[in-house]
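Asker: Got a structure here, written out as structure tokens. Questions coming.
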Amino acid sequence: MTASVVLNPSNDDRRARQRSRTAPSRLQAAACGLGLALGVCGAAVAIPLVQSGVAAFQTERVLVAWSENDHLPPGHLWDQLLQRADQAVAGYPAASGEYLDRLGRAHLWGAIIYPEDATHWQQAAASFRASVTVRPDWPWSWLRLAHAKLQGSELDDEFDHALRQAFLLGSGRLELNQDLARMGFSVWRELTIEQRALVLQAAERVVARSENHAKAMQQVAQAAGIGSALCWAVDSSIKTRHHICKEDG
């Protein structure tokens with residue numbers, strides 16, 4: 001009898017074991033459902049993020065290749081580039097200063113390819129404006145904003161602020177100071193006295209770097225008709241060391 005009880009569980013025992021098996025299975029089902037939901041949500045975020053990253057990578061490669069080419073790209077390729085740049089910005093879950101800057105650079109190419117359409121400069125400026133809002137410490141975006149404003153004939157307070165921010169944040173960046181100085185020299189007569197002083201300081205940073213850079217910058221200034229202004233701004237020790245301004249000052 002005892003053996004019968006042990007080997008043949010009662011109905012209560014069976015129900016207890018069934019409940020013990022059912023409870024974990026329900027928990028497992030709930031956990032699986034939660035995991036599936038999280039997986040779907042994760043995929044919903046991850047897929048656009050990956051697509052955005054791929055689009056950004058492709059855009060950057062094209063921008064670099066075009067910058068190294070002497071020929072203007074055809075309009076249909078620019079259309080494709082702009083779509084990629086837009087896709088990168090739209091697919092990223094938050095505003096990206098890097099992606100917005102890249103979109104602005106794509107618009108700059110549109111302005112070069114279609115010079116009759118001034119809206120490209122405005123669209124470029126809008127992208128750079130959004131970029132510096134997210135990434136205010138990146139000097140290149142400030143300089144590009146100033147450039148877009150300049151090309152759009154908008155030498156206003158925003159242009160002045162962008163120029164100053166590029167100068168302040170880009171003190172140790174040789175190429176940035178070269179571009180800032182060249183840009184300033186090209187529109188010298190349209191700049192204020194304070195802006196001219198800032199441009200000359202950027203040029204002096206370049207001149208101080210090496211003799212080759214000094215002579216190249218002097219040539220740019222002379223071509224713009226302001227070689228004397230540059231020579232008066234550069235410290236005499238730098239002029240002597242790098243053998244420039246022997247005739248201009």
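Asker: Being hydrophobic (A, V, I, L, M, F, W, C) and crowded, with 20+ Cβ neighbours inside 10 Å is the filter here; which residues of the range 201-228 pass it? Show your work before the answer.
Answerer: Filtering the range 201-228 down to residues hydrophobic (A, V, I, L, M, F, W, C) leaves 202-203, 206-208, 214, 216-217, 220-221, 223-224, 226.
Within the range 201-228, Ala202, Ala203, Val206, Val207, Ala214, Met217, Ala221, Ile226 meet the criteria.
Asker: Moving to a separate point now. Here is a check on your reading of the model: is Ala166 at pLDDT 95 or above, in contact with a Ser or Thr (Cβ under 8 Å, 6 or more places away or on another chain), open to solvent by less than 40 Å² (accessible area, probe 1.4 Å) and not assigned by the TED database to the domain that holds Arg129? Please lay out each step first, then the result.
Answerer: Numbers: at pLDDT 95 or above: yes; in contact with a Ser or Thr (Cβ under 8 Å, 6 or more places away or on another chain): no; open to solvent by less than 40 Å² (accessible area, probe 1.4 Å): yes; not assigned by the TED database to the domain that holds Arg129: yes.
Judged against the criteria, Ala166 is not a match.
Asker: What number of residues within the range 46-75 are at pLDDT below 80 and over 15 Å from the mean Cα position of the chain (by Cα)?
Answerer: Number of matching residues: 7.
Asker: Now a separate question. Taking the range 89-112 only, how many residues are open to solvent by less than 30 Å² (accessible area, probe 1.4 Å) and either at pLDDT 90 or above or under 20 Å from Pro136 (Cα atoms) (or both)?
Answerer: Residues of the range 89-112 that are open to solvent by less than 30 Å² (accessible area, probe 1.4 Å), as a first pass: 91, 96-97, 100-104, 106-108, 110-111.
Still in the list and also either at pLDDT 90 or above or under 20 Å from Pro136 (Cα atoms) (or both): 96-97, 100-104, 106-108, 110-111.
Total satisfying the criteria: 12.
Asker: Would you mind stating whether Ala85 is within 21 Å of Arg182 (Cα to Cα), outside the structural domain of Ser186 (by the TED database), touching a helix residue (DSSP H, G or I) at 6+ places or on another chain (Cβ under 6 Å) and surrounded by 14 or more Cβ atoms within 10 Å (Cβ to Cβ)?
Answerer: Details: within 21 Å of Arg182 (Cα to Cα): no; outside the structural domain of Ser186 (by the TED database): yes; touching a helix residue (DSSP H, G or I) at 6+ places or on another chain (Cβ under 6 Å): yes; surrounded by 14 or more Cβ atoms within 10 Å (Cβ to Cβ): yes.
Spelling it out, it is not the case that Ala85 is within 21 Å of Arg182 (Cα to Cα), outside the structural domain of Ser186 (by the TED database), touching a helix residue (DSSP H, G or I) at 6+ places or on another chain (Cβ under 6 Å) and surrounded by 14 or more Cβ atoms within 10 Å (Cβ to Cβ).
Asker: Out of Trp142, Trp78, Trp138, report the one residue that is open to solvent by less than 40 Å² (accessible area, probe 1.4 Å) and at pLDDT 95 or above.
Answerer: Values: Trp78 fails: at pLDDT 95 or above; Trp138 fails: open to solvent by less than 40 Å² (accessible area, probe 1.4 Å).
When all the criteria are applied, what remains is Trp142.
Asker: Conditions: (1) over 23 Å from Ala233 (Cα atoms); (2) charged (D, E, K, R); (3) not assigned by the TED database to the domain that holds Trp78. Arg182 meets all but one. Number of the miss?
Answerer: Only one criterion in (1) over 23 Å from Ala233 (Cα atoms); (2) charged (D, E, K, R); (3) not assigned by the TED database to the domain that holds Trp78 is unmet by Arg182, namely (1).
Asker: List, please: which pairs have Cβ atoms under 9 Å, are six or more places apart or on different chains, and start with a residue in the range 61-85 that is over 13 Å from Ala106 (Cβ atoms) and end with one that is loosely packed, with under 13 Cβ neighbours inside 10 Å?
Answerer: none
The values are calculated or read from the model by the stated rules, or taken from the named source; none is laboratory data. Model, not experiment: these values are computed from the prediction. With ideal geometry, Cβ positions are generated from the backbone for all residues, glycine too; neighbour counts draw on all protein chains shown. Accessible surface areas use protein heavy atoms only, side chains included; no ligands, DNA or RNA. Shrake-Rupley method; radii C 1.70, N 1.55, O 1.52, S 1.80 Å.
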